[in-house]
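Undergrad: Structure provided below as structure tokens; questions to follow.
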Amino acid sequence: MGTNTVEIRLGELADIDSWMELVETVRESFPGLETREDMEAHRNTVLEFLRRRSAVCALQDRKVVGALLFSREESALCFLAVDAAWRRQHIAEKMVGYALGLLPPERDISVTTYREGAPGGAAARAFYKQMGFQEGELTEEFGSPVQVFTRKR
Ligand SMILES: CC(C)(COP(=O)(O)OP(=O)(O)OC[C@H]1O[C@@H](n2cnc3c(N)ncnc32)[C@H](O)[C@@H]1OP(=O)(O)O)[C@@H](O)C(=O)NCCC(=O)NCCS
């Protein structure tokens, strides 16, 4: 198995079960996915993004190993995760690159992620910096301290 077996494309409604299986494995990394009700609401959110063609996935044999939600209206990345067994193979980089191609070229792109020093946040912060995002405002999301990162066009 190698990265060349992974396909990057827009997610489809038929991907939802496999998508949510991936989310289940990373839910502890994300505020707002604590309860069964949170997960049910998140599933509906993902379905909404899939319908709006604003969900990118990485597939290995029809299994979702990477997931990215983005907002065309906000010019923002909203959710990003790669299966732990598939990290450091440039899958997140390819998914973000795919989404950047679908976002308006004249607007900055923002994302909120872990603050410096937050447990588990090192990968995401290193990743966004490597993708050209710069550190911005400290804020909160679902009651958790986070930081905005912005990629200038
Ligand atoms: C953050 C995350 C999506 C990165 O996915 P990934 O597919 O492993 O990332 P990529 O392979 O595309 O990484 C590209 C570059 O980012 C940097 N990077 C990624 N992970 C890193 C890590 N753990 N430590 C240091 N740098 C890292 C490196 O420069 C890497 O290039 P290299 O491997 O050639 O050195 C993944 O670690 C993840 O799902 N984490 C848990 C969930 C999460 O934190 N999501 C984001 C919350 S907003």
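Where a number appears in this text, it was derived from the coordinates with a stated rule and is not lab data. As the structure is a prediction and not an experimental result, all values here were calculated from the model. As a convention, Cβ positions derive from the backbone with ideal geometry for all residues, glycine included, and neighbour counts pool all protein chains shown.
Undergrad: Any residue at all in the range 69-76 that is within 12 Å of the ligand (Cβ to nearest atom) and on the phi > 0 side of the Ramachandran plot?
TA: No, there is no match, as no residue in the range 69-76 is within 12 Å of the ligand (Cβ to nearest atom) and on the phi > 0 side of the Ramachandran plot.
Undergrad: Looking at (1) of a type in the set (Gly, Ala, Ser); (2) more than 16 Å from residue 133 (Cβ to Cβ); (3) part of a strand (DSSP E or B), find the lone condition where residue 110 falls short.
TA: Among (1) of a type in the set (Gly, Ala, Ser); (2) more than 16 Å from residue 133 (Cβ to Cβ); (3) part of a strand (DSSP E or B), residue 110 violates only (2).
Undergrad: Of (1) within 19 Å of residue 19 (Cβ to Cβ); (2) within 14 Å of the chain's Cα centre (by Cα), residue 114 satisfies all except one. Which?
TA: Residue 114 satisfies every listed condition except (1).
Undergrad: Looking at 82, 64, which one is near the ligand (Cβ under 7 Å from one of its atoms) and under 15 Å from the mean Cα position of the chain (by Cα)?
TA: 82
Undergrad: Continuing with this model, one more query. Among the residues of the range 27-61 satisfying the criterion of being acidic (Asp, Glu) and more than 22 Å from residue 93 (Cβ to Cβ), which is farthest from the chain's Cα centre (by Cα)?
TA: Among those residues, the one meeting the criterion is 37.
Undergrad: Follow-up question, since we're still on this one. Kindly indicate the residue of the range 85-132 that is out of contact with any helix residue (DSSP H, G or I) (no Cβ under 8 Å at 6 or more places or on another chain) and on the phi > 0 side of the Ramachandran plot and also nearest to the ligand (Cβ to nearest atom) among those meeting that condition.
TA: 88
Undergrad: While we're looking at this one, here's another question. Please enumerate the residues belonging to the range 81-123 that are under 20 Å from residue 32 (Cβ atoms), without any contact (Cβ under 8 Å) to a residue 24 or more places away in the chain and exposed (fewer than 12 other Cβ atoms within 10 Å of the Cβ).
TA: Result: 119, single match.
Undergrad: Further question on the same structure: Out of the residues in the range 67-79 that are touching a residue at least 24 places away in the same chain (Cβ under 8 Å) and surrounded by fewer than 22 Cβ atoms within 10 Å (Cβ to Cβ), which is nearest to the chain's Cα centre (by Cα)?
TA: Checked the range 67-79; the qualifying residue nearest to the chain's Cα centre (by Cα) is 79.
Undergrad: Right, here's the next one. Give me the pairs: first residue in the range 126-153 and without any contact (Cβ under 8 Å) to a residue 40 or more places away in the chain, second residue part of a helix (DSSP H, G or I) and polar (S, T, N, Q), beta-carbon distance under 7 Å, and six or more apart or on different chains, which are they?
TA: Between residues of the range 126-153 that are without any contact (Cβ under 8 Å) to a residue 40 or more places away in the chain and residues that are part of a helix (DSSP H, G or I) and polar (S, T, N, Q), there is no close pair.
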